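Okay, so here's the structure we're looking at.
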Amino acid sequence: MSSPRKQMKLGAFVMATGHHVAGWRHPGAQPDAGQNIAHYRQIAQAAERAKFDALFLADGVAIRSHDPETLHRTARAASFEPLTLLSALSQVTEHIGLVATVSTTYNEPYHVARKFASLDHLSHGRAAWNVVTSWSEHEARNFNLDKHPEHGARYQRAEEFVDVVRGLWDSWEDDAFLYDREEGLLFDAAKLHEIDHRGTHFSVKGPLNVARPVQGHPVIVQAGSSESGQELAARTAEVIFTAQQSLADAQAFYTSLKSRMARHGRHPDQLKIMPGVFPVVGRSHSEAQEKYEELQSLIHPSVGVSMLQHHLGGIDLSGYPLDGPLPENLREPNGSKSRFHLVTAMARREGLTLRQLYLRVATARGHWSLYGTPESIADELEAWFTQGGADGFNIMPPTLPAGLDDFIALVLPELRRRGLFRSEYEGRTLRENLGLARPAYQPYRQDGRWQPKVA
């Protein structure tokens, strides 16, 4: 008997009105999405009916501004805080995973451990933490700093931060709570543990004042693709969200990251790599192209340039002609190094002008963009999935709700016809649906180096 065909994992990456920078202007978008809980409820329930693995929310602790002169032309200025929003959505969904982005640069481990443990209980085991190190000087100025910490320092802090959070999640053993009314024992005192962590960046005694999460630990997600980001992911991440432009690039990243895991005592199957995909779907190729060109026509030039400047680390492009090439010898930023290299490599490789480059970036900020029929899009996804480029994908609808509705109605049936995507959830928790083992309780190591132990 042949074994069942391996199936891809799919996340629904929700960004208010959609991922296209001008998507809010499209009739298929909800312009007030950032303040509209009914909008998010509709999307979460639609994604769950479609059997997506997870709902993914990005975040930053500052207005996501590229330029104060163009901010008022975008829909990126105001939206819900993700843990608050996902806590609400946990009560109107039952199966879909709930992924919140929270920075290790501008938070403390105890806060983060407590919030995600609570979300995991509220959702009965569907919480996931997207670990980021933050991206912007704007964030620094909201937290008593004049300058964003250096890239290397941010990742060193993140390494210790994740270990402390995992230690705090293991403050209680799974069977610590007795609820013995006759003996008057609420819990077994021998099964509550302080971590007493004293490290370079943090001193945290513990224990956590929330019971051990339903999943043992909420799923750890990361998005870093730099050298530091890959090293952190190889040791600690269980899902990786990444931006890749071609199958060859995706295969190289996939191989590089998974090959690093053995030295951390991990099997490659313990990490799911899910590149971002920005799909514009039409019932015919010409319909898809028309949809794509309509979206592109909505981009105000000042917004396009501002967004490009942001992804290049804040360089001022105002003195360069839009129909000329990207300037040479650009300085590598202190922010997202992987996105800087991706955008500059795209410009050099394809000989793009600044105008052409901002039109490319405006769709999905450097993620894989494609438009076509359900069959052609399924072909592309299948190639990446079966040829060592991905374990699944984070779907980035150009507009919301219409873009997600199109993908669900048109592409998912084709993926299911090919046996590439589920028809029913495999389990109750996010870990079960992703095929990730539940971490067993383990005492905190005083050197702070958490290592996975499977139940």
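Right, Ser318: part of a helix (DSSP H, G or I), more than 30 Å from Ile220 (Cβ to Cβ), of a type in the set (S, T, N, Q) and open to solvent by 20 Å² or more (accessible area, probe 1.4 Å) or not? Here the answer is no, as Ser318 does not meet what is asked. Tell me whether region 78-91 contains one or more residues that are among the β-branched types (Val, Ile, Thr) and in contact (Cβ under 8 Å) with a residue 60 or more places away in the chain. There is no residue in region 78-91 that is among the β-branched types (Val, Ile, Thr) and in contact (Cβ under 8 Å) with a residue 60 or more places away in the chain. Residues Asp146, Asp174: which one is under 20 Å from Glu332 (Cα atoms) and open to solvent by 60 Å² or more (accessible area, probe 1.4 Å)? Every option except Asp146 fails the conditions. Scanning region 111-131 for residues that are buried (at least 24 other Cβ atoms within 10 Å of the Cβ) and either part of a loop (DSSP other than H, G, I, E, B) or at positive phi (or both) gives Ser123, Arg126. Is it true that some residue in region 311-328 is closer than 28 Å to Gly403 by Cα, within 23 Å of the chain's Cα centre (by Cα) and not charged (D, E, K, R)? The answer is yes, given that some residue of region 311-328 is closer than 28 Å to Gly403 by Cα, within 23 Å of the chain's Cα centre (by Cα) and not charged (D, E, K, R).
Filter region 94-110 down to the residues that are polar (S, T, N, Q) and in a loop (DSSP other than H, G, I, E, B), then identify the one that is modelled with the lowest pLDDT. Filtering region 94-110 for residues that are polar (S, T, N, Q) and in a loop (DSSP other than H, G, I, E, B), the one modelled with the lowest pLDDT comes out as Thr105.
In region 206-221, what count of residues is obtained for those that are open to solvent by 10 Å² or more (accessible area, probe 1.4 Å) and among the small types (Gly, Ala, Ser)? Walk me through how you get there before you give the answer.
Looking only at region 206-221, we keep the residues that are open to solvent by 10 Å² or more (accessible area, probe 1.4 Å), and these are 206-207, 209-212, 214.
Next, only the ones that are among the small types (Gly, Ala, Ser) stay: 206, 211.
Qualifying residue count, region 206-221: 2.
If we scan region 3-23, do we find a residue that is of a type in the set (Gly, Ala, Ser), closer than 30 Å to Ala158 by Cβ, out of contact with any Lys or Arg (no Cβ under 9 Å at 6 or more places or on another chain) and open to solvent by 10 Å² or more (accessible area, probe 1.4 Å)? Give the steps one after another, and end with the answer.
Going residue by residue through region 3-23, those that are of a type in the set (Gly, Ala, Ser) are 3, 11-12, 16, 18, 22-23.
Next, from what is left, pick out any that are closer than 30 Å to Ala158 by Cβ: 11-12, 16, 18.
Now narrow it down to the ones that are out of contact with any Lys or Arg (no Cβ under 9 Å at 6 or more places or on another chain): 11-12, 18.
Add one more test, that the residue is open to solvent by 10 Å² or more (accessible area, probe 1.4 Å), and what stays is none.
No, because not a single residue in region 3-23 is of a type in the set (Gly, Ala, Ser), closer than 30 Å to Ala158 by Cβ, out of contact with any Lys or Arg (no Cβ under 9 Å at 6 or more places or on another chain) and open to solvent by 10 Å² or more (accessible area, probe 1.4 Å).
When Arg360 is tested against the conditions (1) touching a strand residue (DSSP E or B) at 6+ places or on another chain (Cβ under 8 Å); (2) surrounded by fewer than 18 Cβ atoms within 10 Å (Cβ to Cβ); (3) charged (D, E, K, R), the lone failure is (2). Evaluation of Gln42 against the conditions (1) open to solvent by less than 70 Å² (accessible area, probe 1.4 Å); (2) of a type outside the set (Phe, Trp, Tyr); (3) touching a strand residue (DSSP E or B) at 6+ places or on another chain (Cβ under 7 Å); (4) farther than 21 Å from Gln222 by Cα shows that the sole unmet condition is (1). Taking the conditions exactly as written (buried (at least 21 other Cβ atoms within 10 Å of the Cβ), in a helix (DSSP H, G or I), modelled with pLDDT of 95 or more and basic (Lys, Arg)), does Arg416 satisfy them or not? In short, no.
Here Ser134 clears all of (1) among the hydroxyl-bearing types (Ser, Thr, Tyr); (2) under 21 Å from the mean Cα position of the chain (by Cα); (3) more than 14 Å from Tyr106 (Cα to Cα); (4) in a loop (DSSP other than H, G, I, E, B) except the condition numbered (3). Would a scan of region 48-58 turn up a residue that is within 18 Å of Ala75 (Cβ to Cβ) and touching a helix residue (DSSP H, G or I) at 6+ places or on another chain (Cβ under 6 Å)? Yes: one or more hits.
Selection over region 33-92 of residues that are of a type in the set (Gly, Ala, Ser), at pLDDT 95 or above and part of a helix (DSSP H, G or I) gives a count of 6. Going by what's in this entry, would Ser203 be described as free of Cβ contacts under 8 Å to residues at least 12 places away in the same chain, of a type in the set (Ser, Thr, Tyr) and either buried (at least 19 other Cβ atoms within 10 Å of the Cβ) or closer than 25 Å to Pro443 by Cβ (or both)? Yes: the conditions hold for Ser203.
Taking region 157-197 on its own, how many of its residues are in contact (Cβ under 8 Å) with a residue 24 or more places away in the chain, among the charged types (D, E, K, R) and either over 25 Å from Leu436 (Cβ atoms) or assigned to a loop (DSSP other than H, G, I, E, B) (or both)?
At the first step, the residues of region 157-197 found to be in contact (Cβ under 8 Å) with a residue 24 or more places away in the chain are 157-174, 176-177, 193, 195-197.
Checking the rest, the ones that are also among the charged types (D, E, K, R) come to 157, 159-160, 163, 166, 170, 173-174, 196.
In the following step, the residues that additionally are either over 25 Å from Leu436 (Cβ atoms) or assigned to a loop (DSSP other than H, G, I, E, B) (or both) were identified as 157, 170, 173-174, 196.
Total satisfying the criteria: 5.
Being surrounded by fewer than 19 Cβ atoms within 10 Å (Cβ to Cβ) and in contact (Cβ under 8 Å) with a residue 60 or more places away in the chain is a property that Ile63 has. Only one entry of Gln222, Gln215, Gln245 meets the criterion of being over 24 Å from Arg266 (Cα atoms) and either small (Gly, Ala, Ser) or touching a helix residue (DSSP H, G or I) at 6+ places or on another chain (Cβ under 9 Å) (or both), and that entry is Gln245. Residue pairs whose Cβ atoms lie under 8 Å apart, separated by 6 or more positions or on different chains, with the first residue in region 278-304 and closer than 16 Å to Glu380 by Cα and in contact (Cβ under 8 Å) with a residue 40 or more places away in the chain and the second open to solvent by less than 10 Å² (accessible area, probe 1.4 Å) and among the polar types (S, T, N, Q), are Phe278/Thr363. Of the residues in region 372-381, not one is of a type outside the set (S, T, N, Q), outside any helix (DSSP H, G or I) and open to solvent by 20 Å² or more (accessible area, probe 1.4 Å).
Residues of region 399-409 include at least one that is within 30 Å of Asp32 (Cα to Cα), free of Cβ contacts under 8 Å to residues at least 12 places away in the same chain and of a type outside the set (Phe, Trp, Tyr).
The values are calculated or read from the model by the stated rules, or taken from the named source; none is laboratory data. Note that this is a predicted model, so its numbers are computed, not measured. A quick note on method: Cβ atoms are made from the backbone with ideal geometry, for glycine too, and the neighbour counts reach across all protein chains shown. These area figures cover heavy atoms from the full protein model, side chains too; ligands, DNA and RNA do not enter into them. Shrake-Rupley method; radii C 1.70, N 1.55, O 1.52, S 1.80 Å.
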